[in-house]
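> Below you'll find the structure I mean.
The values are calculated or read from the model by the stated rules, or taken from the named source; none is laboratory data. Remember, it's a predicted structure, so these values are computed and weren't measured experimentally. Neighbour counts are summed over all protein chains in view; Cβ atoms, including those assigned to glycine, are modelled from backbone coordinates with ideal geometry. All accessible areas refer to the heavy atoms of the entire protein, side chains included, with ligands and DNA or RNA removed. Shrake-Rupley method; radii C 1.70, N 1.55, O 1.52, S 1.80 Å.
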Amino acid sequence: MALDPKRPQKEIKYEEMRIYSDEELRNYTEEELKNFKIKHDIPDLDELEKGPWPSFVADAKREALHRRKLAPDRMLIERDVVEDMLGQLQLSFDEGETHWKHGGIVGVFGYGGGVIGRYSDVPEKYPSIAHFHTIRVNQTGGKFYDTNFLKSLCDLWEYRGSGLLNMHGSTGDIIFLGTFTEQLEPIFFELTHELDQDLGGSGSNLRTPSECMGKSRCEWACIDTMDMSYELTNYYQDELHRPAFPYKFKFKFDGCPNGCVASIARADMSFIGTWRDDIRVDQEAVKAYIGGEIIPNGGAHKGRDWGKFDIQKEVIELCPTQCMWMEGGKLQIDNKECTRCMHCLSVMPRALRPGTDTGVSILCGAKAPILEGAQMSTLIVPFMKAEPPYDNIKEFIEKVWEWWMEEGKNRERLGELIQRYSLQKFLEVIGLPPAPQMVKAPRSNPYIFWKEEDVPGGWTRDIKEYRARHKR
Amino acid sequence: MEDIKKAILEFASDSKKSKFYFKDMEKAVQKLLPDAKSREIKKAATELVNEGTLIYFSTGSSTMYGLKGRGITEDPE
């Protein structure tokens, strides 16, 4: 299904938006870079460049040199912002503690998120990073970009910010790293009015929803992740920009249980595409995999000789619920036992495909905090249809929010609230009966208890009548 | 709406701390106006922010409200 925009989309043309000429953008040589030293000594950071992986230090040095060579009137914040940032980082390495001050009242008019105040606590030593605010820019659906847009965005940030950015933060947004307070409103104006681009969520808001590329490029997508994310981002604009939640709240959309955006590990509410009918099997293609005519895993492991493909060893015996077997040369699947691990579909994509009656599984309560332990989502809704305008899903979301906003303590995530009150209470609130799939491991977490009204006769019984039938 | 705004301002000026969570503000408003719904309180708070009376204070991970002019109101330099 093609994207149906909520309003006409603006066409961005870099030639009309550009701030810098080609000469300004390529204003240093590799030779100059080799001999370039920033104004601070950064021995530990230099060390980071020596490892096998590309280093942010190398990128930051390029940006520092680039800014050194730009004319002074071509940047609206200090030229040596990147050099001071690296200098302060070296100081933090030396002293083993951070020098960033965290938080503040900075923001843009009408928004309670999207801008995060950052200040150096040693501004006399590093004056160019006295302010180093972060701006979150709502990424595009599926992270598909037009280069006209990306180049315009980079020019804007070079001109009004540090030029350092992060594609993408773990929530999904584009992160602009480091600018001064007086640049915030002009950046916001240009993003929204010129680039037709909104800020993302931060603080006690709905965070920028993120999704995999879904049906746009992937044969396994069971739901239109980009459409769902676009619809819910628009529908919940107030929740995204005006904070009234007890803490952060994240939605993430995975098109299939392969989970490329890892919603199950990171989102307070994870939407994972699934099917409720049977896996589609092309028995001829199964034979072709067995016969070696089709390379398994789409050729992903062909760099090494793993021997002949063995369906028994590589697929059937690896099925976690052992719901597959060969019979008369045909692959059989006991579909009701399938847990959607996706292994067989991933190994034999031309033989096995998801069913056609598709929708979402909804899981709640994941979090991945830095200081305390991470927690995975718990399956709450095994299957729900997911079709525009997603009213059934919105109804579910709002029931959950209502309870969390009412009962959640300050800075308590949904997963923690469910743990504090019990899964049983959560299920009562959202009006769902408990199901075996919600239990993580039978008997180890027996959090579903019978209630007196659920048991015929309640807690009282006639012991004599019972003993008449059951001797001691 | 005006009643709710008044109750918010009362709490914002009298609360022990100069920055407070939405939930604490909500509880204080509902003590005075038991029928005030969470959504109405949020709308009133947003109006006060837009009028420049209340301010947001964000740590990046969570957001608090405050009365402009009380506690830290400028960049903490």
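> For the range A:382-399, which positions are assigned to a helix (DSSP H, G or I) and in contact with a strand residue (DSSP E or B) (Cβ under 8 Å, 6 or more places away or on another chain)?
Within the range A:382-399, A:Asn392, A:Ile393, A:Phe396, A:Ile397 qualify.
> Within the range A:217-263, count every residue that is within 17 Å of A:Glu398 (Cβ to Cβ), of a type in the set (A, V, I, L, M, F, W, C) and away from every other protein chain (no Cβ under 14 Å).
Summing the residues that are within 17 Å of A:Glu398 (Cβ to Cβ), of a type in the set (A, V, I, L, M, F, W, C) and away from every other protein chain (no Cβ under 14 Å) in the range A:217-263 gives 3.
> Could you tell me whether the range A:108-129 includes any residue that is more than 24 Å from A:Gln237 (Cα to Cα), of a type in the set (Phe, Trp, Tyr), open to solvent by less than 20 Å² (accessible area, probe 1.4 Å) and in contact with a helix residue (DSSP H, G or I) (Cβ under 7 Å, 6 or more places away or on another chain)?
yes
Residue by residue, here is whether (1) within 7 Å of chain A (Cβ to nearest Cβ); (2) of a type in the set (Ser, Thr, Tyr); (3) under 14 Å from A:Arg242 (Cβ atoms) holds:
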residue	(1), (2), (3)
B:Met1	no, no, no
B:Ala7	no, no, no
B:Asp14	no, no, no
B:Tyr21	yes, yes, no
B:Ala36	no, no, no
B:Gly52	no, no, no
B:Thr59	yes, yes, no
B:Tyr65	no, yes, yes
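Listed here are the residues, each with its yes/no results for (1) modelled with pLDDT of 80 or more; (2) open to solvent by less than 90 Å² (accessible area, probe 1.4 Å); (3) aromatic (Phe, Trp, Tyr); (4) more than 17 Å from A:Pro382 (Cα to Cα).
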| site | (1), (2), (3), (4) |
| --- | --- |
| A:Leu432 | yes, yes, no, no |
| A:Ala435 | yes, yes, no, no |
| A:Val439 | no, yes, no, no |
| A:Pro442 | no, no, no, yes |
| A:Glu453 | yes, no, no, yes |
| A:Arg469 | yes, no, no, yes |
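> Given the structure, is B:Leu48 more than 26 Å from A:Thr208 (Cβ to Cβ) and of a type outside the set (Gly, Ala, Ser)? Working first, answer last.
On the way: more than 26 Å from A:Thr208 (Cβ to Cβ): no; of a type outside the set (Gly, Ala, Ser): yes.
Judged against the criteria, B:Leu48 is not a match.
> Which of the residues spanning the range A:364-422 are surrounded by 16 or more Cβ atoms within 10 Å (Cβ to Cβ) and basic (Lys, Arg)?
Answer for the range A:364-422, where residues must be surrounded by 16 or more Cβ atoms within 10 Å (Cβ to Cβ) and basic (Lys, Arg): A:Lys367, A:Arg413.
> To continue, here is another question. Considering only the range A:50-61, I want to know if a residue exists there that is surrounded by 12 or more Cβ atoms within 10 Å (Cβ to Cβ) and either closer than 20 Å to A:Ala130 by Cα or in contact with a Ser or Thr (Cβ under 7 Å, 6 or more places away or on another chain) (or both).
yes
> Which condition from (1) within 30 Å of A:Tyr390 (Cα to Cα); (2) more than 14 Å from chain B (Cβ to nearest Cβ) is the one that A:Leu318 breaks?
In the conditions (1) within 30 Å of A:Tyr390 (Cα to Cα); (2) more than 14 Å from chain B (Cβ to nearest Cβ), A:Leu318 misses (1) alone.
> Which residue out of A:Glu416, A:Glu402, A:Glu406 is in a helix (DSSP H, G or I), within 14 Å of chain B (Cβ to nearest Cβ) and under 21 Å from the mean Cα position of the chain (by Cα)?
When all the criteria are applied, what remains is A:Glu416.
> Any idea which of (1) out of contact with any Phe, Trp or Tyr (no Cβ under 6 Å at 6 or more places or on another chain); (2) open to solvent by 30 Å² or more (accessible area, probe 1.4 Å); (3) assigned to a helix (DSSP H, G or I) is the one A:Asp44 doesn't satisfy?
(1)
> Among the residues of the range A:12-41, write down those that are under 20 Å from A:Glu190 (Cα atoms) and open to solvent by less than 70 Å² (accessible area, probe 1.4 Å). Steps first, please.
At the first step, the residues of the range A:12-41 found to be under 20 Å from A:Glu190 (Cα atoms) are A:12-21.
If the condition is that a residue be under 20 Å from A:Glu190 (Cα atoms) and open to solvent by less than 70 Å² (accessible area, probe 1.4 Å), then A:Ile12, A:Tyr14, A:Met17, A:Arg18, A:Ile19, A:Tyr20, A:Ser21 are the ones that fit.
> Give me the pairs, please: first residue somewhere in the range A:332-355 and in a loop (DSSP other than H, G, I, E, B), second residue anywhere and of a type in the set (Ser, Thr, Tyr), beta-carbon distance under 7 Å, and either six or more positions apart or on two chains.
Once the first residue is in a loop (DSSP other than H, G, I, E, B) and sits in the range A:332-355, its partners that are of a type in the set (Ser, Thr, Tyr) give A:Cys338/A:Thr321; A:Thr339/A:Thr321; A:Arg340/A:Thr274; A:Met348/A:Tyr289; A:Ala351/A:Tyr289.
> Now, a different point. Suppose we filter the range A:450-472 for residues that are over 57 Å from the mean Cα position of the chain (by Cα) and among the charged types (D, E, K, R); how many remain?
Residues that pass the stated criteria total 6.
> Is it fair to say A:Ile105 is within 24 Å of B:Ser58 (Cα to Cα), at pLDDT 95 or above and crowded, with 16+ Cβ neighbours inside 10 Å?
No.
> Right, another one. Of the residues A:Arg280, A:Arg276, A:Arg266, which is out of contact with any Phe, Trp or Tyr (no Cβ under 9 Å at 6 or more places or on another chain), of a type outside the set (Asp, Glu), farther than 30 Å from A:Glu412 by Cα and more than 14 Å from every other protein chain (Cβ to nearest Cβ)? Break it down into steps so the answer makes sense when it comes.
Numbers: A:Arg276 fails: out of contact with any Phe, Trp or Tyr (no Cβ under 9 Å at 6 or more places or on another chain); A:Arg266 fails: farther than 30 Å from A:Glu412 by Cα.
Unique residue meeting the criteria: A:Arg280.
> Just give me the residues in the range A:326-381 being modelled with pLDDT of 95 or more and among the hydroxyl-bearing types (Ser, Thr, Tyr), in sequence order.
A:Ser346, A:Thr356, A:Thr358, A:Ser361
> Scanning the range A:233-284 for residues that are more than 15 Å from A:Arg207 (Cβ to Cβ) and charged (D, E, K, R), which turns out least open to solvent (accessible area, probe 1.4 Å)?
A:Asp254
> Can you pull out the residues in the range A:68-98 that are closer than 16 Å to A:Ile19 by Cα and out of contact with any helix residue (DSSP H, G or I) (no Cβ under 9 Å at 6 or more places or on another chain)?
Within the range A:68-98, A:Pro72, A:Asp73 qualify.
> So, in the range A:217-232, how many residues would count as being among the β-branched types (Val, Ile, Thr) and surrounded by fewer than 23 Cβ atoms within 10 Å (Cβ to Cβ)? Spell out how you get there, then give the answer.
To start, the set of residues in the range A:217-232 that are among the β-branched types (Val, Ile, Thr) comprises A:223, A:225.
Pick out the ones that are also surrounded by fewer than 23 Cβ atoms within 10 Å (Cβ to Cβ) and you get none.
Number of matching residues: 0.
> Mind listing just one residue for me: the one in the range A:196-216 that is surrounded by fewer than 20 Cβ atoms within 10 Å (Cβ to Cβ) and not in a loop (DSSP other than H, G, I, E, B) and, of those, farthest from the other protein chains (Cβ to nearest Cβ)?
Across the range A:196-216, the extreme among qualifying residues is A:Lys215.
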